[in-house]
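What follows is one structure encoded as structure tokens, with my remarks underneath.
The values are calculated or read from the model by the stated rules, or taken from the named source; none is laboratory data. This structure is a prediction, so every number in the text was calculated from the model and none was measured. Because the Cβ atoms are built from the backbone with ideal geometry, glycine has one as well, and the counts that use them run over all protein chains shown.
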Amino acid sequence: MSERLDSHDAARPDDVRMRGFSRRWTVDAALAWIDARATALDSEVISLDLAAGRVLAEDATSGVDVPPFDRAMMDGYAVRAADTQGASPLQPLPLVVVGVALPGSAAPRAVLAGEAVRIMTGAPMPGGVDAVLPAELADATAGDVGAVLAVGEVSPGKHVGLRGEDVSAGTTVLRSGRRLRPQDVGVLASIDCDAVRVLRRPRVRIVATGNELYAKPSDRRPFAIADANGPMLAALVERDGGVAERLGITPDDAEELRAAIDCDADVVIVSGGSSVGEEDHAPRVVAKLGELAIHGIAMRPSSPAGMGTLVGSDGRTRLVFLLPGNPVSCLCAYDFFAGRATRLLAGRVRDWPYLPTAARLMRKISSQVGRVDYARVRYVDAMRISARSDREPACVEPISVSGASILTSTTRADGFVVVPADSEGYPADAVVTMLAYD
């Protein structure tokens, strides 16, 4: 059940370091908070060459007919269909060839009864004709010079592409809010569109924190670990329609963190320093600079996640997400919360960007009522769907890894199962919904 977030209890600027969380917010409450605040950004005009994957900000309406003229859809002869009626190999009908029609060139003169124009696919149809006689139904090797024999018949309109049959002028071809696919870009090009108005991609600043982190191999030092969250988050942001801005490593220092998150981005994501440890400065800094609306969520992993708003030096309010430093927790919290906000700001569908598929558990998944669980699973046999039949759900098993620092558990996993807060888990042989990574 969703919790109602009232304005009088949303701000939580209290310092929880070394004291633990006074409460845990439900996942539903956190999602409702995001949905109420993350709305599509303003628009911009970009070149059509850059439009694939972007979201239309306005309807696309054609000002032209596509195709702009009647054209041949096969190589052969433009004819009057009536002149071919009754033609067969045993009873060929002669036609006088009066010209040639080629793609990109004007059609020859209008055709009279008993005449034909040799025509190539895509060429404009001459006046006076209503069909194309395919080359295989014509014999140009017999009969008089400058004539062709029809050895088959065609009906009116056969093998002719009519003006406007694909798109007629005034037709809305794509609606606002559509995420443009490559074929959509092709349609826009066909209606003479060389620029398009799309929603602006949200700029997302990624702040990776931790004195123990280094950004690149040349910075490696004793007792330090490589920053995995920064590159992972940048890839996730780009996947969800945002523009990632990485700063490198920010030390566990309140003032340096304050400077790092004071920016003109649309979203700020802080990786690490979100919990209740002595060096976890992020919640306190956000509460001081803006509003720490939610901190501590009833889920596993990612329970130390938080979110709120910041008012930057430019006076604009932006969303901020505090993600745990452990890589699996960071991935989980991004997908549940920061990714949802990024997708909404970009005008995309808010839901998971993963394919839901039915799966049968080979081992149980245990959970705790009141907590949402993100359980990584893998196919028991990736080369076959099921031992029962092709229509049976795939067989999966949970990955037996405890702790949220084993990032490779997500690369070994084929997807994950979300156990809702009102469940104690799923028994072996239960059919569940798996969200597939690929």
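Scan segment 128-179 residue by residue and report those that are of a type in the set (D, E, K, R) and within 15 Å of S190 (Cβ to Cβ).
R163, E165, D166
Which of the residues spanning segment 77-92 are out of contact with any Asp or Glu (no Cβ under 7 Å at 6 or more places or on another chain) and more than 12 Å from L133 (Cα to Cα)?
Hits for segment 77-92 are S88, P89, L90, Q91.
What is the number of the single condition among (1) crowded, with 21+ Cβ neighbours inside 10 Å; (2) assigned by TED's automatic domain parsing to the domain that holds A228; (3) under 25 Å from the mean Cα position of the chain (by Cα) that D335 does not meet?
(1)
For D266, are the conditions met, namely being of a type in the set (D, E, K, R) and under 23 Å from R203 (Cβ atoms)?
yes
Given the conditions (1) in contact with a helix residue (DSSP H, G or I) (Cβ under 9 Å, 6 or more places away or on another chain); (2) over 30 Å from A116 (Cα atoms), and given that G152 satisfies all but one, which numbered condition is not satisfied?
(2)
Identify all residues within segment 207-239 that are assigned to a loop (DSSP other than H, G, I, E, B), within 24 Å of F336 (Cβ to Cβ) and either aliphatic (A, V, I, L, M) or touching a Phe, Trp or Tyr at 6+ places or on another chain (Cβ under 9 Å) (or both); write none if there are none.
D227, A228 - these are the residues of segment 207-239 that are assigned to a loop (DSSP other than H, G, I, E, B), within 24 Å of F336 (Cβ to Cβ) and either aliphatic (A, V, I, L, M) or touching a Phe, Trp or Tyr at 6+ places or on another chain (Cβ under 9 Å) (or both).
Given the condition of a type in the set (A, V, I, L, M, F, W, C), closer than 20 Å to T250 by Cβ and in a strand (DSSP E or B), answer yes or no: does some residue in segment 289-302 qualify?
yes
When segment 240-273 is examined, which residues are found to be in a strand (DSSP E or B) and of a type outside the set (S, T, Y)?
Within segment 240-273, V243, A244, E245, R246, L247, G248, I249, V267, V268, I269, V270 meet the criteria.
In the same structural domain as P420 (by TED's automatic domain parsing), farther than 30 Å from A208 by Cα and either loosely packed, with under 15 Cβ neighbours inside 10 Å or at pLDDT below 95 (or both): does that describe A387?
Here the answer is yes, as A387 does meet what is asked.
Could you say which residue among S367, S329, S302 is small (G, A, S), assigned by TED's automatic domain parsing to the domain that holds V431 and either surrounded by 24 or more Cβ atoms within 10 Å (Cβ to Cβ) or out of contact with any Leu (no Cβ under 6 Å at 6 or more places or on another chain) (or both)?
On inspection, the qualifying residue turns out to be S367.
For R220, which of the numbered conditions (1) modelled with pLDDT of 95 or more; (2) loosely packed, with under 14 Cβ neighbours inside 10 Å fails to hold?
Single failed check for R220: (1).
For segment 247-280, how many residues are touching a residue at least 40 places away in the same chain (Cβ under 8 Å) and either farther than 29 Å from L199 by Cα or surrounded by fewer than 18 Cβ atoms within 10 Å (Cβ to Cβ) (or both)?
The number of residues fulfilling the criteria is 18.
Show the residue pairs meeting these rules: Cβ distance below 8 Å; 6+ apart or different chains; first residue within segment 172-199 and more than 11 Å from L48 (Cβ to Cβ); second residue in a helix (DSSP H, G or I).
Note: pairs meeting the criteria are V173/V187; V173/L188; L174/D184; L174/V187; L174/L188; R178/D184.
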